[in-house]
Amino acid sequence: LQAIKTALTPEVGAVFKYLIENKVKIEIITPHLILRTPSLDDADVVQRAKLAMWRDLQMWMSWAHDDQVGIEAVLDFIRLSISKGPAHSLLGFRKDNGAFAVSTGLAYEENSESYETGYWVPKEQQGKGFAKEATNAAIRYAFDVMKVKTVTTRYYEGNGKSASVIHRLGFTFQDTIP
(Lines give C-alpha, C1' and ligand atoms only; values in the text may rest on other atoms or scores of the structure.)
Protein backbone atom coordinates (compact mmCIF):
# COMPACT_ATOMS: atom_id res chain seq x y z
CA LEU A 1 0.00 0.00 0.00
CA GLN A 2 1.40 3.40 -0.92
CA ALA A 3 0.63 6.43 1.23
CA ILE A 4 0.76 10.02 0.20
CA LYS A 5 0.72 12.39 3.17
CA THR A 6 0.84 16.04 3.75
CA ALA A 7 -1.31 17.90 9.02
CA LEU A 8 -4.22 19.84 10.36
CA THR A 9 -5.20 22.72 12.63
CA PRO A 10 -7.28 22.25 15.80
CA GLU A 11 -10.05 24.59 14.61
CA VAL A 12 -10.96 22.23 11.76
CA GLY A 13 -12.80 19.97 14.19
CA ALA A 14 -14.96 22.90 15.29
CA VAL A 15 -15.80 23.83 11.69
CA PHE A 16 -16.70 20.25 10.82
CA LYS A 17 -18.79 19.91 14.02
CA TYR A 18 -20.73 23.07 13.04
CA LEU A 19 -21.39 21.70 9.55
CA ILE A 20 -22.60 18.37 10.96
CA GLU A 21 -24.81 19.87 13.68
CA ASN A 22 -26.43 22.25 11.22
CA LYS A 23 -26.86 19.53 8.59
CA VAL A 24 -25.21 21.67 5.95
CA LYS A 25 -25.27 20.06 2.54
CA ILE A 26 -22.77 21.15 -0.01
CA GLU A 27 -22.75 21.38 -3.75
CA ILE A 28 -19.56 22.03 -5.67
CA ILE A 29 -19.74 22.86 -9.36
CA THR A 30 -16.71 22.00 -11.50
CA PRO A 31 -16.31 22.34 -15.27
CA HIS A 32 -17.89 18.92 -15.93
CA LEU A 33 -19.45 17.81 -12.63
CA ILE A 34 -21.88 18.67 -9.89
CA LEU A 35 -20.52 17.26 -6.62
CA ARG A 36 -22.91 17.06 -3.72
CA THR A 37 -23.63 15.41 -0.41
CA PRO A 38 -25.32 12.06 -1.11
CA SER A 39 -28.98 11.41 -0.33
CA LEU A 40 -30.91 8.17 0.07
CA ASP A 41 -32.35 8.83 -3.40
CA ASP A 42 -28.88 8.11 -4.81
CA ALA A 43 -28.73 4.54 -3.47
CA ASP A 44 -29.96 2.74 -6.61
CA VAL A 45 -27.63 4.49 -9.06
CA VAL A 46 -24.61 4.02 -6.77
CA GLN A 47 -25.52 0.35 -6.22
CA ARG A 48 -25.81 -0.31 -9.98
CA ALA A 49 -22.42 1.32 -10.62
CA LYS A 50 -20.84 -0.57 -7.72
CA LEU A 51 -22.16 -3.95 -8.91
CA ALA A 52 -20.97 -3.31 -12.48
CA MET A 53 -17.38 -3.10 -11.26
CA TRP A 54 -17.46 -5.05 -8.00
CA ARG A 55 -14.39 -7.20 -8.83
CA ASP A 56 -12.31 -4.09 -9.57
CA LEU A 57 -13.49 -2.38 -6.41
CA GLN A 58 -12.51 -5.43 -4.37
CA MET A 59 -8.99 -5.25 -5.80
CA TRP A 60 -8.42 -1.57 -5.09
CA MET A 61 -10.79 -0.30 -2.38
CA SER A 62 -10.22 -1.15 1.28
CA TRP A 63 -13.98 -1.03 2.03
CA ALA A 64 -15.03 -3.47 -0.73
CA HIS A 65 -15.51 -6.64 1.34
CA ASP A 66 -18.13 -9.29 0.58
CA ASP A 67 -20.47 -7.86 3.23
CA GLN A 68 -20.55 -4.56 1.29
CA VAL A 69 -22.00 -5.89 -1.97
CA GLY A 70 -25.72 -5.43 -1.16
CA ILE A 71 -27.91 -2.34 -1.39
CA GLU A 72 -28.08 -2.13 2.41
CA ALA A 73 -24.34 -1.34 2.43
CA VAL A 74 -24.96 1.61 0.10
CA LEU A 75 -27.81 2.83 2.29
CA ASP A 76 -25.57 2.51 5.37
CA PHE A 77 -22.80 4.41 3.53
CA ILE A 78 -25.21 7.24 2.69
CA ARG A 79 -26.60 7.40 6.23
CA LEU A 80 -23.06 7.47 7.63
CA SER A 81 -22.10 10.16 5.15
CA ILE A 82 -25.04 12.31 6.22
CA SER A 83 -24.19 11.85 9.90
CA LYS A 84 -20.46 12.53 9.43
CA GLY A 85 -20.94 15.84 7.66
CA PRO A 86 -21.30 17.40 4.25
CA ALA A 87 -17.86 16.66 2.81
CA HIS A 88 -17.42 13.19 4.29
CA SER A 89 -18.72 11.77 1.04
CA LEU A 90 -19.46 13.52 -2.21
CA LEU A 91 -21.11 12.07 -5.27
CA GLY A 92 -20.32 13.59 -8.65
CA PHE A 93 -22.83 13.74 -11.47
CA ARG A 94 -22.06 14.83 -15.01
CA LYS A 95 -23.34 18.29 -15.89
CA ASP A 96 -24.11 17.30 -19.49
CA ASN A 97 -26.32 14.28 -18.83
CA GLY A 98 -26.74 13.83 -15.05
CA ALA A 99 -25.01 10.43 -14.99
CA PHE A 100 -23.28 9.30 -11.78
CA ALA A 101 -19.59 9.81 -12.54
CA VAL A 102 -17.52 9.61 -9.33
CA SER A 103 -17.56 9.10 -5.58
CA THR A 104 -15.05 11.04 -3.46
CA GLY A 105 -14.94 12.83 -0.12
CA LEU A 106 -12.95 13.65 2.98
CA ALA A 107 -12.62 11.45 6.05
CA TYR A 108 -11.03 12.61 9.31
CA GLU A 109 -8.15 10.39 10.43
CA GLU A 110 -8.02 10.68 14.23
CA ASN A 111 -4.67 8.97 14.72
CA SER A 112 -2.89 11.25 12.27
CA GLU A 113 -5.02 14.40 12.70
CA SER A 114 -5.42 14.82 8.98
CA TYR A 115 -8.13 14.21 6.41
CA GLU A 116 -7.95 11.45 3.85
CA THR A 117 -9.48 11.60 0.40
CA GLY A 118 -10.13 8.87 -2.11
CA TYR A 119 -12.35 8.13 -5.07
CA TRP A 120 -13.86 5.52 -7.32
CA VAL A 121 -15.30 5.99 -10.78
CA PRO A 122 -18.03 3.87 -12.39
CA LYS A 123 -16.65 1.72 -15.19
CA GLU A 124 -18.43 3.58 -18.00
CA GLN A 125 -17.12 6.95 -16.73
CA GLN A 126 -13.46 5.98 -16.39
CA GLY A 127 -10.75 7.67 -18.44
CA LYS A 128 -12.59 11.00 -18.66
CA GLY A 129 -10.74 12.88 -15.91
CA PHE A 130 -13.59 12.77 -13.38
CA ALA A 131 -11.49 11.30 -10.54
CA LYS A 132 -8.98 14.13 -10.77
CA GLU A 133 -11.62 16.84 -11.24
CA ALA A 134 -13.79 15.68 -8.34
CA THR A 135 -10.97 14.93 -5.92
CA ASN A 136 -9.32 18.26 -6.71
CA ALA A 137 -12.61 19.99 -5.88
CA ALA A 138 -12.91 18.08 -2.59
CA ILE A 139 -9.32 18.99 -1.69
CA ARG A 140 -9.90 22.66 -2.55
CA TYR A 141 -13.01 22.58 -0.34
CA ALA A 142 -10.92 21.07 2.47
CA PHE A 143 -8.23 23.74 2.24
CA ASP A 144 -10.35 26.78 1.38
CA VAL A 145 -13.56 26.20 3.38
CA MET A 146 -12.62 23.77 6.14
CA LYS A 147 -9.15 25.34 6.56
CA VAL A 148 -7.51 21.90 6.65
CA LYS A 149 -3.72 21.95 6.61
CA THR A 150 -3.14 18.36 5.46
CA VAL A 151 -4.94 15.95 3.16
CA THR A 152 -3.68 12.43 2.55
CA THR A 153 -4.53 9.73 0.11
CA ARG A 154 -3.28 6.25 -0.65
CA TYR A 155 -3.40 3.61 -3.32
CA TYR A 156 -2.57 -0.07 -3.60
CA GLU A 157 0.61 -0.97 -5.44
CA GLY A 158 -0.34 -2.06 -8.94
CA ASN A 159 -3.17 0.46 -9.28
CA GLY A 160 -1.44 2.60 -11.87
CA LYS A 161 -4.55 4.59 -12.79
CA SER A 162 -5.02 5.73 -9.20
CA ALA A 163 -1.32 6.47 -8.82
CA SER A 164 -1.51 8.64 -11.93
CA VAL A 165 -4.48 10.63 -10.58
CA ILE A 166 -2.68 11.15 -7.27
CA HIS A 167 0.46 12.34 -9.05
CA ARG A 168 -1.51 14.75 -11.26
CA LEU A 169 -3.21 16.17 -8.15
CA GLY A 170 0.22 17.19 -6.87
CA PHE A 171 0.55 14.89 -3.87
CA THR A 172 4.03 13.97 -2.76
CA PHE A 173 5.08 10.47 -1.79
CA GLN A 174 5.49 10.02 1.96
CA ASP A 175 5.91 6.31 2.64
CA THR A 176 4.88 2.78 1.89
CA ILE A 177 2.61 1.05 4.37
CA PRO A 178 3.23 -2.69 4.68
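The values are calculated or read from the model by the stated rules, or taken from the named source; none is laboratory data. The structure displayed is predicted, hence computed values, not measured ones. So basically every Cβ, Gly included, is an ideal-geometry build from the backbone, and we count neighbours across all protein chains shown. Remember, those area values only see protein heavy atoms, side chains included, never the ligands or the DNA or RNA. Shrake-Rupley method; radii C 1.70, N 1.55, O 1.52, S 1.80 Å.
Couple of notes before you dig in:
- Once backbone amide H atoms are built at 1.01 Å from N, Ala99 has Arg94 as its partners under 5 Å, excluding neighbours fewer than 5 places away on the same chain.
- Whole-Hz couplings from phi, Karplus 6.51/-1.76/1.60, listed for region 31-37; x for Gly and Pro: x, 10, 10, 10, 9, 8, 4
- Near the amide H of Arg154, within less than 5 Å, lie the amide hydrogens of Ile4, all on another chain or at least 5 residues away, with H placed in the peptide plane.
- Base-10 log of normalised Debye intensity for region 17-146 (one unit scatterer per alpha-carbon) at q = 0.18 Å⁻¹: -1.01
- Rolling a 1.4 angstrom probe over the protein heavy atoms with all chains in place gives region 116-178 an accessible area of 52 Å² per residue.
- Amide H to amide H, with H built 1.01 Å from N, Ile28 comes under 5 Å of Leu35, Arg36, counting only residues 5 or more places away or on other chains.
- Check: region 29-89 dipole with +1 on Lys, Arg Cβ and -1 on Asp, Glu Cβ, in debye: 220 debye
- Pairwise centroid distance, computed over Cα atoms, of region 138-178 with region 58-75, Å: 22 Å
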